[in-house]
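A short worksheet on the structure shown next.
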Amino acid sequence: MASGQTSKEKKYDRQLRLWGANGQQALESAHICLVNATATGCEVLKNLILPGIGRFTIVDDALVTEADLGVNFFLDESCLGRPRAESACRLLSELNPDVHGAYINDSITSIINSNPAFISSNGITVLLLCAPLPTNVLHTLHKSHPETTILHVYSLGFIAALRIFVPEIAIVETHPDSLADLRLYNPWQELVSLAKEATQNLEAQTEHQHGHIPYALLLLHYLEVWKESHGGELPKSYKEKNEFKKLINSGMRTNVAGGSEENYEEAVAAVLKNVKPHEINSDTKMVLEDERCRNLDRNSSSFWIIARAVADFVTNPNQGNGLLPLSGGLPDMKAESKDYVKLQTLYRQKAASDITQVSENVSRILATFNRPATDISHEEISLWCRHSNFVARIRYRDLSLEWGVDKKHAETIQSDINYHPDSLSAIYVALRAYQMFLDDQFASNAAFTHPGISDDRLAENSLAMANHAKEYLSTVRSALGVTEAAEFPGEPFEAKVENWIKELVRYGGAEIHNIASLAGGIVSQEVIKVITKQYVPVNNTVLFDGVGSKTQVLEL
């Protein structure tokens, strides 16, 4: 641990290594609102309070029951009969004194009816909604606060599910395994000159010199040798690359200690990964071709302005000429320290030159909207350029499309059922039936009860949910233009749905703490990704089967 660290840096040292100072600042600026202090909800908050979110608010009108004490570690016997929001807030706040906690002993329905601006006026950035909640409340919150991240969570017995609602998330720091880009098919002049210098008179070099040429320079040398005997063409096919490996091996000295040279072995191992044309990956292409990149305006975010500057860099023959900015990353390789540093410096200088050109493009774009060049920092541009081939943009489907069962939703369900025998779609259908059952309960004047809460109504509740499942599947068939139930989804799948409905009814709305804890880890991980805009969050639904220990992600 560095001696000059502040107390906060010491406290959060491990996580700062994961998402850095920018990610930590984003966390500390976040305000999480938990609706319903269930065991799962409290587990999620625990995992966000410990790494240091700025604030949290718990909204819940329930009183603590004995059932709560059996599954929720953030409630104790002294809380029995007291407001659940207040009790959970008090104990969760003890986890981290740097985090400010608040509570409201009321239902979210009552709050948004009396104060529609509750979310925006309190600066809430993430809404964490734990079932049970009426569907119309989900729609109201989603429609009235389209820019707010909303996560809807189920945790029922051995089943857990998560749905993320956020219009769009643009991610620069996706954290790929490596940022290294050797550009062997597109070397710049300084790199070519260094390779020639390092590999001249190979036969006359000493054993030490020959065995310490960085493999990137060896590859460049042997690519030139290859081109001389192949009409100036580079190895492209798998067969040609295997032949190219043999060419490299032919230059390796075997009359040395160990019978081989490590740098040559590294060169051979790097062929398939590095000896290829520069390619812009599909996610980056999607960003550079996006309408928000092409059609900027004065209010465009820095992400899209830099994206446009990078797109201009790529298409400009005097800048990238079809290539993205160089990342400047260089993998470890067998070499003398001074030679490795020399090569590393060359890559970094080229990356810095590319960043300078992109920065000039950014300044030009900002000037067209009468915005100062200082609106976007050099650090932000540099970060974008280094990660340019790994950026991502996710547009989440609107909740109304899912619950309205549009054609894309129906096709996703159909495809998953038809082509994935171990699919968890049956759990999704059972949860849809459960949500429809909840809506019936909320709409009635009777006191709310979960399906299965009363032993003498198990069969009645199971039948009601089975009918809701049939209603949903009928809607899916209509969207697909399918008329017969036998054609879709078929008896085997319907039997799976029936079994999961029986399980849900058997649970009677109960949570199991180990599943709540696991779900809390899954959900909080996705919340952190969205808040920090680092790593790639799921799109858009996660299903968890605790019986079979399976997880599935579906875009519904």
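The values are calculated or read from the model by the stated rules, or taken from the named source; none is laboratory data. Since the model is a prediction, treat every value here as computed from it, not as a measurement. Cβ: placed from backbone, ideal geometry, glycine included. Neighbour counts: every protein chain shown. For accessibility, only protein heavy atoms count, side chains too; no ligands or nucleic acids. Shrake-Rupley method; radii C 1.70, N 1.55, O 1.52, S 1.80 Å.
Take residue 469 and tell me if it is of a type outside the set (Val, Ile, Thr), touching a strand residue (DSSP E or B) at 6+ places or on another chain (Cβ under 9 Å), within 21 Å of residue 161 (Cα to Cα) and open to solvent by less than 30 Å² (accessible area, probe 1.4 Å). The answer is no for residue 469. Hey, among the residues in region 151-168 that are under 22 Å from residue 424 (Cβ atoms) and of a type outside the set (A, V, I, L, M, F, W, C), which one's nearest to the chain's Cα centre (by Cα)? The residue in question is 163. Exactly one residue out of 413, 417 is open to solvent by less than 70 Å² (accessible area, probe 1.4 Å) and either within 24 Å of the chain's Cα centre (by Cα) or within 26 Å of residue 169 (Cα to Cα) (or both), and it is 413.
Okay, residues lined up against (1) buried (at least 22 other Cβ atoms within 10 Å of the Cβ); (2) within 26 Å of the chain's Cα centre (by Cα):
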residue	(1), (2)
144	no, yes
149	yes, yes
170	no, yes
175	no, yes
180	no, yes
188	no, no
192	no, no
199	no, no
208	no, no
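Hey, can you tell me all the residues within region 128-142 that are under 22 Å from the mean Cα position of the chain (by Cα) and not hydrophobic (A, V, I, L, M, F, W, C)? Residue satisfying the conditions is 142 alone. Just a yes or no: is a residue in region 421-428 out of contact with any Ser or Thr (no Cβ under 8 Å at 6 or more places or on another chain), within 17 Å of residue 471 (Cβ to Cβ) and either open to solvent by 10 Å² or more (accessible area, probe 1.4 Å) or at pLDDT 90 or above (or both)? Yes, region 421-428 contains at least one residue that is out of contact with any Ser or Thr (no Cβ under 8 Å at 6 or more places or on another chain), within 17 Å of residue 471 (Cβ to Cβ) and either open to solvent by 10 Å² or more (accessible area, probe 1.4 Å) or at pLDDT 90 or above (or both). Summed over region 490-502, the residues that are more than 31 Å from the chain's Cα centre (by Cα) and open to solvent by less than 50 Å² (accessible area, probe 1.4 Å) give a count of 2.
If I ask for residues that are within 29 Å of the chain's Cα centre (by Cα) and closer than 16 Å to residue 365 by Cα, which ones from region 316-340 would you list? If the condition is that a residue be within 29 Å of the chain's Cα centre (by Cα) and closer than 16 Å to residue 365 by Cα, then no residue fits. Identify the residue in region 42-86 that is part of a strand (DSSP E or B) and touching a residue at least 40 places away in the same chain (Cβ under 8 Å) and, among all such residues, is nearest to residue 32 (Cα to Cα). For region 42-86, the residue satisfying everything is 56. Residues that are over 30 Å from residue 494 (Cβ atoms) and of a type in the set (Lys, Arg) number at least 2 in the following helices (runs of 4 or more DSSP H) confined to region 308-426: 337-368. If the condition is being under 14 Å from residue 169 (Cα atoms), within 20 Å of the chain's Cα centre (by Cα) and part of a helix (DSSP H, G or I), then region 285-301 contributes 286, 287.
Quick one: would you say residue 121 is open to solvent by 10 Å² or more (accessible area, probe 1.4 Å), free of Cβ contacts under 8 Å to residues at least 40 places away in the same chain and more than 19 Å from residue 540 (Cα to Cα)? So residue 121 passes the test.
Sub-8 Å Cβ pairs linking a first residue in region 296-320 that is without any contact (Cβ under 8 Å) to a residue 12 or more places away in the chain to a second residue that is small (Gly, Ala, Ser), at least 6 apart or interchain, are 315/322, ordered by first then second residue. Residue 536 meets all of the listed conditions (1) open to solvent by less than 40 Å² (accessible area, probe 1.4 Å); (2) under 29 Å from the mean Cα position of the chain (by Cα) but one, namely (1).
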